[in-house]
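Step one of this worksheet: look at the structure below.
The values are calculated or read from the model by the stated rules, or taken from the named source; none is laboratory data. Model, not experiment: these values are computed from the prediction. All Cβ positions, even for glycine, are placed from backbone atoms using ideal geometry, and neighbour counts span all protein chains on display.
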Amino acid sequence: MDGFGGPVAEYGRAARPLLGLALAIPLVLLAGVACGQKPEPSTSPEPCDRPNVLLYVVDTLRADHIGRDAASGSETPAADRLAREGRFFANALAPSSWTRASIGSILTGLYPDVHGAQGRDSALPAHLETLAELLRQHRYTTAAVVTNPNVGSFYGFDQGFDTYLQLFERREPGRIKSGEAIVRSDQVTEQLFSWIDDATCPFFLSVLTIDPHWPYGPPTAFDRFGAEYSGPVDTDKLAIKRDDLTPADRDRIRALYRGEVAFNDASLGMLLEKLESEGRLDDTIVILTSDHGEEFWEHGGVLHGTTLYDEVLRVPLIIRYPKAVTAERVTSQVSLVDIAPTLLELLGIDAPYPFDGVSLLQSASENRSVHAMLELDGRRSRSMSQSSWKLIENWRNGSRALFDLDRDPGETKNLISENRERVSAMSAEMLRLRRAHRQRREAMRSGAPVQTTPATDLPDDARKALEALGYLDSPN
Ligand SMILES: [Zn+2]
């Protein structure tokens, strides 16, 4: 019994609709996937002496679209509330600009070049101990709901989860319509409600909702940011990559994205309200974050997974747990690799190996270096953020760019030529770190084979869902 209220179907078999939702297109679900060769946890009952954990990840959510820092006109009351009542990290960076690499870092506390799930076919290695495995070993009931096939069980992301529910909407043959690949966050919330009702405490519930990931298509009620627009971008899935878009077209695309952000926030709000109405919110560590941001032509491109500029690295990060985490706004730079060490410290669980991240329960050094990396589809880039300085190196073509984010937050003015010594020092640290990470990865692997899942080995519906989201047939 998986505990979710929705249907459980064998892969590839049409399932009945979710609770109270009449879907025109059947969902394809995978649930309760067996998890590797690691020891099974004890099932003996134990009083609930530890807090529940809700890890709520919004795919593709830019930091500047939520909370007090929102500069976009978005409406995110649920995130705003968490930011008020929790520790709000105003300068949180993703360790990569695409889903699999970044989620791998959230679950392991390791940078992508250490955990290894950073390439198009690469999987999260079984020898790593994920948050789910660690919490399950400590008698947590563990469950995940994911809506992006990039973290499917076929890529090893089900490790440690008693239940791993994958919601990938099957599309009809023919032309893909905007929104068709998306399982909406309100549908996810329906599933979560049902699971929470039956969950044994303490629980670890990990959620990856996919709106506002492209294609952008908010429900009508949330399409309120520029809905008066009439033009070609609403129905043309390729519109965002066209080079003849007018300023109005671009505004409309951004508005659709904002609508999805607001919609997702409403779903999060329902989830928080449910926990609160049942008296469980304050007994639950709530972590809100995203795996990466999104580009909207700031540097000429769109979507994500191609650059390491701040529009794709800066993400929300909020931890709400009033019993142990004071509500404050933290401005020092932090990384999503810090989530695992922070959570384990809150729960009093020992780390299985040294993390790349640090616990955010202590104040971080202002001079700490935070890194990001992208090794995807032939791209090889790394960035290092230290104080107000940020160096981006393209290791494929040798280009480099240094920015002073205090004076130039938009990363428009390359200061390489005026800062040779600084660049040399930062570059040397990046190279040293890369070597250390490679050694560490090999040491942790200790002879185990590198794990990959080529696209040709994917279940058919998962491959189609990836295509519909712009993966496989597109670098994004
Ligand atoms: Zn993503």
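Out of LEU275, LEU288, LEU308, one residue alone is in a strand (DSSP E or B) and either modelled with pLDDT of 95 or more or more than 16 Å from the ligand (Cβ to nearest atom) (or both). It is LEU288.
Counted as qualifying within the stretch 73-117 are the helices (runs of 4 or more DSSP H) with 3 or more residues that are crowded, with 24+ Cβ neighbours inside 10 Å, touching a residue at least 40 places away in the same chain (Cβ under 8 Å) and within 16 Å of the ligand (Cβ to nearest atom), namely 99-108.
Considering every residue within the stretch 420-427, establish whether at least one is hydrophobic (A, V, I, L, M, F, W, C) and either loosely packed, with under 15 Cβ neighbours inside 10 Å or assigned to a loop (DSSP other than H, G, I, E, B) (or both). So far as the stretch 420-427 goes, yes, one or more of its residues are hydrophobic (A, V, I, L, M, F, W, C) and either loosely packed, with under 15 Cβ neighbours inside 10 Å or assigned to a loop (DSSP other than H, G, I, E, B) (or both). Identify the residue in the stretch 418-463 that is of a type in the set (D, E, K, R) and in contact with a helix residue (DSSP H, G or I) (Cβ under 9 Å, 6 or more places away or on another chain) and, among all such residues, is modelled with the lowest pLDDT. Only one residue tops the list, namely ASP461.
Scanning the stretch 147-170 for residues that are within 16 Å of the ligand (Cβ to nearest atom) and either closer than 18 Å to THR108 by Cβ or not in a strand (DSSP E or B) (or both) returns THR147, ASN148, PRO149, ASN150, VAL151, GLY152, TYR155, PHE157. Within the stretch 326-337, the set of residues being touching a strand residue (DSSP E or B) at 6+ places or on another chain (Cβ under 6 Å), surrounded by fewer than 19 Cβ atoms within 10 Å (Cβ to Cβ) and hydrophobic (A, V, I, L, M, F, W, C) comprises VAL330 only.
Let's see how each residue does on (1) under 25 Å from SER122 (Cα atoms); (2) more than 23 Å from the chain's Cα centre (by Cα):
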residue: ASN367; (1), (2): no, yes
residue: GLU375; (1), (2): yes, no
residue: ARG380; (1), (2): yes, no
residue: LYS390; (1), (2): no, no
residue: ARG396; (1), (2): yes, yes
residue: SER399; (1), (2): no, yes
residue: PHE403; (1), (2): no, yes
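Could you check, for the stretch 52-62, whether at least one of its residues is more than 15 Å from the ligand (Cβ to nearest atom), surrounded by fewer than 24 Cβ atoms within 10 Å (Cβ to Cβ) and modelled with pLDDT of 95 or more? Scanning the stretch 52-62, I find at least one residue that is more than 15 Å from the ligand (Cβ to nearest atom), surrounded by fewer than 24 Cβ atoms within 10 Å (Cβ to Cβ) and modelled with pLDDT of 95 or more, so the answer is yes. If you go through the stretch 326-337 and keep only what is at pLDDT 95 or above, part of a strand (DSSP E or B) and among the aliphatic types (A, V, I, L, M), you end up with just VAL334. Across the stretch 204-235, the qualifying residues are those that are assigned to a loop (DSSP other than H, G, I, E, B) and polar (S, T, N, Q), and the one among them that is farthest from the ligand (Cβ to nearest atom) is SER230.
So, ASP244, is that one out of contact with any helix residue (DSSP H, G or I) (no Cβ under 9 Å at 6 or more places or on another chain) and assigned to a helix (DSSP H, G or I) or not? No; evaluated as a whole, the condition is false for this residue.
For the criterion of being assigned to a strand (DSSP E or B) and within 16 Å of the ligand (Cβ to nearest atom), ALA144 passes.
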